[in-house]
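S.K.: Would you mind keeping the following structure in view while I ask a few things?
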Amino acid sequence: MDNQFIITVDGPSGAGKGTVSQLLADKLGWHMLDSGALYRVLGVAVEKHGIDINNESEVTDLARNLDIDFISNKDTGEIEPLLQGENLGAMIRTDQAGQAASKVAAIPTVRDALLARQRDFYRLPGLVADGRDMGTIVFPDAPVKIFLTASAECRAERRYKQLKNKGVDANMRALLDSIKARDERDQTRSVAPLVPAEGAFVVDSSNLSISEVLTQVLDFASKSFPELA
Ligand code: DC
């Protein structure tokens, strides 16, 4: 595969990957892959079909046959997932969907089933791929790899503020526990654990503003793609 025009952005949840990926894609006019959304849709689909999330063969069958599409919301510009034609909208963004995604993502045969589907997102003029294993497994030859991280406490606090701003009731302790549980599962699973890819530019955003993170990422990525300077 010709992987010349790919930037991978990996890291734990809440580290700011989505924001960074969107900015890079917008600046370059490239496509975006939100691979977490695929695992989230599968997590929701498992529940909708009444499948036991621990039944690896049934979850894998569902992953192989998943009828999923993504559309862009004309009003918000956000990407929304369609499952068998049904728009799941914000349903995949709940903490419950995130936990379900993390569980199905730990099943090796599920990851195999979704691999080709993720690679198919690559289209010219290029792709920014956001996830956990974009630089290690899905696009190992990508010329630019970024690993964005932050302490669990910082990520929980950001999420807390986000929810409060939306007027959603939130509990800091519960958010921190949930983030730590997901980190633990994503980092210790037997396949494609969350680790920085070789040669990845690692940014710890714990003590950085989003604009400071973007400055560092653009500086690094513009060495390969001068349009970003
Ligand atoms: O990025 P996210 O929070 O939407 O991802 C949800 C879960 O999906 C995450 O906890 C682990 C899993 N995931 C994965 O295993 N590999 C990816 N490339 C993306 C997500």
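S.K.: Filter the range 98-130 down to the residues that are of a type outside the set (S, T, N, Q), within 13 Å of the chain's Cα centre (by Cα) and within 19 Å of residue 60 (Cβ to Cβ) and list them by number.
M.R.: Those that are of a type outside the set (S, T, N, Q), within 13 Å of the chain's Cα centre (by Cα) and within 19 Å of residue 60 (Cβ to Cβ): 101, 105.
S.K.: Assuming residue 199 fulfils every condition listed in (1) touching a residue at least 24 places away in the same chain (Cβ under 8 Å); (2) exposed (fewer than 12 other Cβ atoms within 10 Å of the Cβ); (3) on the phi < 0 side of the Ramachandran plot apart from one, which condition is it?
M.R.: (3)
S.K.: Residues in the range 207-216: is at least one in a loop (DSSP other than H, G, I, E, B), surrounded by 12 or more Cβ atoms within 10 Å (Cβ to Cβ) and within 17 Å of the chain's Cα centre (by Cα)?
M.R.: No: the range 207-216 contains no residue that is in a loop (DSSP other than H, G, I, E, B), surrounded by 12 or more Cβ atoms within 10 Å (Cβ to Cβ) and within 17 Å of the chain's Cα centre (by Cα).
S.K.: Related question: Go through (1) surrounded by fewer than 18 Cβ atoms within 10 Å (Cβ to Cβ); (2) of a type in the set (Gly, Ala, Ser); (3) within 13 Å of residue 9 (Cα to Cα) and name the single condition residue 224 misses.
M.R.: (3)
S.K.: Assess whether residue 143 counts as being over 20 Å from residue 13 (Cα atoms) and surrounded by 16 or more Cβ atoms within 10 Å (Cβ to Cβ).
M.R.: Criteria met by residue 143.
S.K.: Within the range 163-194, can you find the residues that are closer than 28 Å to residue 111 by Cβ and either in a loop (DSSP other than H, G, I, E, B) or touching a His at 6+ places or on another chain (Cβ under 6 Å) (or both)?
M.R.: The answer is 189, 190, 191, 192, 193, 194.
S.K.: Continuing with this model, one more query. Within the range 73-80, is there a residue that is at pLDDT below 95, surrounded by fewer than 21 Cβ atoms within 10 Å (Cβ to Cβ) and hydroxyl-bearing (Ser, Thr, Tyr)?
M.R.: Yes; the residues of the range 73-80 include at least one that is at pLDDT below 95, surrounded by fewer than 21 Cβ atoms within 10 Å (Cβ to Cβ) and hydroxyl-bearing (Ser, Thr, Tyr).
S.K.: Now for a different question. What single numbered condition from (1) loosely packed, with under 13 Cβ neighbours inside 10 Å; (2) touching a helix residue (DSSP H, G or I) at 6+ places or on another chain (Cβ under 6 Å) fails to hold for residue 155?
M.R.: Only one criterion is unmet by residue 155, namely (1).
S.K.: Give the residue that is surrounded by the most Cβ atoms within 10 Å (Cβ to Cβ), with candidates limited to residues of the range 32-53 that are of a type outside the set (Val, Ile, Thr) and away from the ligand (no atom under 16 Å from the Cβ). Reasoning before the result, please.
M.R.: Pass one, the range 32-53, residues of a type outside the set (Val, Ile, Thr): 32-40, 42-43, 45, 47-50, 52.
Filter once more, keeping what is away from the ligand (no atom under 16 Å from the Cβ): 48-50, 52.
Values: 48: 14, 49: 10, 50: 6, 52: 9.
For the range 32-53, the residue satisfying everything is 48.
The values are calculated or read from the model by the stated rules, or taken from the named source; none is laboratory data. All values derive from a computational prediction rather than experimental measurement. Every residue, glycine among them, receives a Cβ derived from its backbone with ideal geometry; neighbour counts consider all protein chains shown.
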